[in-house]
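Here the structure is laid out as structure tokens; the discussion comes afterwards.
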Amino acid sequence: MKCEIDIKIISVDTVEYGVQSFPEGMKNWRCFRIEYGGCNEDCLAEGHIWLPPEADPQQLEMFLMGMQAYHQIWKTV
């Protein structure tokens, strides 16, 4: 028995901003534009996220894309 799963994943990309003025309590945190479904003018949606200085934004991208695949593989009918 062959099982095929068609997974559609929206790409997630982060672009770091240079920060000159940090919010109180967030000194040295890093600010990113997070783009969904493409980059720059091709994206479907975008927002901003602040990450701690030692956080890896690529890990966040992989985590969010992995969540999409996991949901599609394990969803029940």
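Some points to look at:
- Considering only residues in the stretch 6-22 that are within 13 Å of GLU46 (Cα to Cα) and among the β-branched types (Val, Ile, Thr), the one that is surrounded by the most Cβ atoms within 10 Å (Cβ to Cβ) turns out to be VAL12.
- Test: residue in the stretch 42-62 that is more than 10 Å from the chain's Cα centre (by Cα), surrounded by fewer than 14 Cβ atoms within 10 Å (Cβ to Cβ), in a helix (DSSP H, G or I) and at pLDDT below 95: yes
- Matching residues, the stretch 1-41, being of a type in the set (D, E, K, R), free of Cβ contacts under 8 Å to residues at least 12 places away in the same chain and not in a loop (DSSP other than H, G, I, E, B): GLU41
- Scope the stretch 1-29; condition of a type in the set (Lys, Arg) and closer than 28 Å to HIS71 by Cβ; matching residues: LYS2, LYS8
- Residue in the stretch 63-77 that is nearest to LYS27 (Cα to Cα), counting only those that are surrounded by 10 or more Cβ atoms within 10 Å (Cβ to Cβ) and without any contact (Cβ under 8 Å) to a residue 24 or more places away in the chain: PHE63
- Looking across the stretch 24-38, the residues that are within 23 Å of LYS8 (Cα to Cα) and either in contact with a Leu (Cβ under 9 Å, 6 or more places away or on another chain) or surrounded by fewer than 14 Cβ atoms within 10 Å (Cβ to Cβ) (or both) come down to ILE34, GLU35, TYR36, GLY37, GLY38.
The values are calculated or read from the model by the stated rules, or taken from the named source; none is laboratory data. Everything numeric in this text was worked out from a predicted model, so none of it was measured. Here the Cβ is made from the backbone with ideal geometry for all residues, glycine too, and neighbour counts use every protein chain on show.
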